[in-house]
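Report on the structure given below.
Values in this text are rule-based calculations from the coordinates and carry no lab data. In this text the structure is predicted, and so the values were computed from the model without any measurement. Note that we place each Cβ from the backbone using ideal geometry, even for glycine, and neighbour counts take in every protein chain shown.
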Amino acid sequence: MRKKTNRFFVFTLLCMTLVSCNGMTESKKEYSDSIVVTYHQGLTLCDDCNLDYERMSRIASRKEPTDTIEMSSRKFYALKSKLTDIGERKDYVTYFPISMKWDTLSVCFNDDAVVVNKDECVVNISMDVLHEILTLSRYYNYFLPEDLEYMATIQKFGIPSEYHFTPYMGFKLMPLRKVFLVPVPENDERP
């Protein structure tokens, strides 16, 4: 009788272990494409930060993703197509708290909508594209409305309807966010 009870107990324990382990496996979605936006929450101008292209790119490459924002593939590829035809000119700007990467290209930019590439050449990406990317990545949500008024993109396009202030805790350099903007098939595109 005691052997039967022990076998039943071991069998039950084994089943519970297998069931609970199966529930703990995390399924990660694979995306075919992405635009990666990395930024410090609530950080605009910072005299002692010295965030040039090289430093911000290095910070962004070490940061683990914090968010994945899915959007329709039609909207994603329309946005991405606006990022392909960019010109450049040499200029000297030193402060870039936002990093963005797509395909093999990488740029950094600031709240004045000045964008530079790895050669620190200013890249021409339209303000409406930058505004859309900052809105989608929820960058604006970490600023009070009165602070947003000083940003060039907000001055031109206004505060997005999706804006919702999200308080943060921090000092000098605010917590870093790394957001993946990814396409998902629309209902009529799904297999």
Cβ-based net charge around Ile154, under 12 Å, with every Lys or Arg adding one and every Asp or Glu removing one: -4
In terms of the alpha carbon gyration tensor, root eigenvalues a ≥ b ≥ c, rounded if a/c is under 1.5 and otherwise prolate when a/b exceeds b/c or oblate, segment 32-167 is rounded
May I ask you to list the residues of segment 111-145 whose amide nitrogen lies under 16 Å from a point 7 Å from Cα along the Cα→beta-carbon direction of Lys156? 111-116, 122-136
Contour excess over end-to-end distance, with Cα ends at Asp147 and Arg55 and 0.36 nm allotted per residue: 30.6 nm
How big is the dipole moment of segment 32-167 about its Cα centre under a simple scheme where the beta carbon of each Lys and Arg is +1, that of each Asp and Glu is -1, and everything else is neutral? Debye, nearest 20, please. 440 debye
Scalar couplings 3J(HN,Hα) for segment 30-39 by Karplus 6.51 cos²θ - 1.76 cosθ + 1.60 (θ = phi - 60°), nearest whole Hz, x for Gly and Pro, are 9, 10, 6, 7, 6, 10, 10, 10, 10, 7
